[in-house]
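Structure record follows, encoded as structure tokens.
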Amino acid sequence: MEPDSVRVTGIYLYPLKSAAGFAVEESELDRLGLVGDRRWMLVDAEARALTQREVPRLARVHAIAGPDGSLEAVALGMPALRVLVPSSGAGTIDVRVLKRSGRGIPAGEEAAAWFSEYLEVDCRLLYLPPDLAIPVKAPWGGPEHRTAFSDGFPVLLIGDTSLADLNRRLERPVPMDRFRPNLVVEGTEPYEEDAWDEIRIGGLSLRAVKPCPRCVVTTVDQVTGIPDASGEPLATLSGYRRRDGKVWFGMNLLHRGTGTIRLGDAVRVVSRRDAPEG
């Protein structure tokens, strides 16, 4: 790899956890990750995170965060919904995001009714203010590391050659949106990100802490919201990317400080570690 040959070619935000994402040309990083990313989440009647694992149709909800933090959501057959950031006086509820505990502020009955009607499941919309940020699970994160309503880490990165290598193995190639990354980079060898330890993007330092274990969400067509009956691409990934009982694709990152990431930014690999086999 030549110096400065690795560059950022995609930046993606997901204001509402597990809903459709959208591309941006640049994004600020605050202490929780990309600004506006996964600051909203739906929960079921037991206050557990509601995702495409349970409701694939969530992929068809398009949500955009406003500059004031508000959420605007659209879905086929539904009136547009705009939800203001709820007041802290509304109180909080305890929630579960996979195996982690957190809290969120309910966004009100109108939003709950809108999403319950479209998804055909009883649910509520929650907002995460910065002071309720969820700790990154030890041993990967220290006391200073926090995230929003992500599955576990503030930033997910994938090299475009890793997807290209997977697609060469598939009968029907899949787009990058199946893996819902925050950052996509070019100029790497396939799966090179597995061996990264620390990288720099512009003035930001990011540490590659843990490959991302993949689930059935990768089988959901992000346009139609319909899972692939053949289980692809997860089935093929399982054949050559399985380790310790999980299937790995992409790298989770923790960042130091705040700053801006822009399309075209150079990615400098500061240090590496041995890549795991498989």
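None of the figures in this text is laboratory data; all of them are computed from the coordinates on show. All values reported here derive from a predicted model rather than from experimental measurement.
General remarks:
- Equivalent-ellipsoid semi-axes for region 60-127 (Cα gyration tensor, √(5λ), whole Å, largest first): 20, 15, 11.
- In order along region 119-127, the phi-based Karplus estimate (6.51 cos²θ - 1.76 cosθ + 1.60, θ = phi - 60°) of 3J(HN,Hα) comes to 8, 6, 8, 5, 8, 10, 9, 10, 10 Hz; Gly and Pro are listed as x.
- Scaling the Cα radius of gyration of region 130-278 by the globular reference 2.2 N^0.38 Å produces a ratio of 1.06.
- In degrees, nearest ten, helix 160-169 long axis to first principal axis of the chain (Cα): 90
- For region 63-72, 3J(HN,Hα) computed residue by residue from phi via the Karplus equation (6.51, -1.76, 1.60; θ = phi - 60°) reads 10, 10, 8, x, x, 8, x, 5, 10, 10 Hz, glycine and proline entered as x.
- Taking region 7-272 and dividing mean pair separation by its residue count, relative contact order in percent (alpha carbons under 8 Å, at least six apart): 23
- Here the Kirkwood formula, the inverse mean of 1/r across different C-alpha pairs, assigns region 182-240 a hydrodynamic radius of 14.0 Å.
- DSSP beta bridge pairing in region 7-272, given as percent antiparallel to the nearest 5: 90
- Sorted largest first, the spans of the alpha carbon positions of region 7-272 along the three principal axes are 49, 42, 34 Å.
- Estimated translational diffusion coefficient (Stokes-Einstein, Kirkwood radius over Cα pairs, 37 °C, 0.692 mPa s) of region 1-48: 255 µm² per second.
- Computed over region 1-95, Kirkwood Rh from alpha-carbon pairs, angstrom: 15.2
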